[in-house]
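Read through the structure below, which is laid out as structure tokens, and then see the notes.
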Amino acid sequence: MANPFDQLRVNPSDVRKSQSWYQAQVSQLRNIPGTVNGMLKGKAENLTSRITPGKLYLFQYDALHKDTLPYWDAMPLVFPFRKLTDGFLGLNLHYLPYGLRFKLMGALMELTVNTPGADHSMVASYNMLNSSSKYTGVQPCVKHYLNSQLRSRFLNIPHDQWLAAAMMPLEQFQGAGKETVWRQSRKAI
């Protein structure tokens, strides 16, 4: 099969347009945390007070033992996979650098199902994710979230926006910068 990229030609005016578009997108990203904070407190149609394992959620969180933790994420982006009496376990994608996050998301997207009358969700257990090399990066992402420490409702990310949400710079690490967190995650893998 022929490579469709072989026929592409670079036009200098297209390069300038692409650069302008990219710069505009970066400028808009600076406002995303404020916009997301407003959405989590507002009446957005995708806000919910309950989670469903296998869906992707963004929410505000205040770690219980924040004084003793080396770092934690105040704006987790999580695939919950197990409900517990005091909260839930989930994969917080923010603990991976963007390249590893993208790779893990590609593998996770293969686990999605669309049941009639419902939205897409990921069907996976921690044992399955942890035992396969296909899901590299799962270990540093597994976190226990306590209901008592939630500081917002859950923003349910629609399935067709999972990858875009995963690649947005929404992480709000406390106690350390994202480079430190990501360096520790790479070591854990």
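Go through segment 58-80 and count every residue that is part of a loop (DSSP other than H, G, I, E, B), more than 22 Å from Gln161 (Cα to Cα) and in contact with a strand residue (DSSP E or B) (Cβ under 9 Å, 6 or more places away or on another chain).
Result for segment 58-80: 7.
Let's see how each residue does on (1) at pLDDT 95 or above; (2) of a type in the set (A, V, I, L, M, F, W, C):
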| position | (1), (2) |
| --- | --- |
| Lys55 | no, no |
| Gln60 | no, no |
| Leu64 | yes, yes |
| Pro76 | yes, no |
| Leu84 | no, yes |
| Leu89 | no, yes |
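Under the condition of being in contact (Cβ under 8 Å) with a residue 40 or more places away in the chain, more than 19 Å from Thr180 (Cβ to Cβ) and in a strand (DSSP E or B), which residue from segment 81-97 is farthest from the chain's Cα centre (by Cα)?
Residue satisfying both the conditions and the ranking: Leu84.
Regarding segment 104-111, can at least one residue be identified that is out of contact with any helix residue (DSSP H, G or I) (no Cβ under 6 Å at 6 or more places or on another chain), under 20 Å from Lys178 (Cα atoms), surrounded by 12 or more Cβ atoms within 10 Å (Cβ to Cβ) and at pLDDT below 90?
Checking segment 104-111: at least one residue is out of contact with any helix residue (DSSP H, G or I) (no Cβ under 6 Å at 6 or more places or on another chain), under 20 Å from Lys178 (Cα atoms), surrounded by 12 or more Cβ atoms within 10 Å (Cβ to Cβ) and at pLDDT below 90.
The values are calculated or read from the model by the stated rules, or taken from the named source; none is laboratory data. Since the model is a prediction, treat every value here as computed from it, not as a measurement. Positions of Cβ are generated from backbone atoms using ideal geometry, with glycine treated the same way; all protein chains shown enter the neighbour counts.
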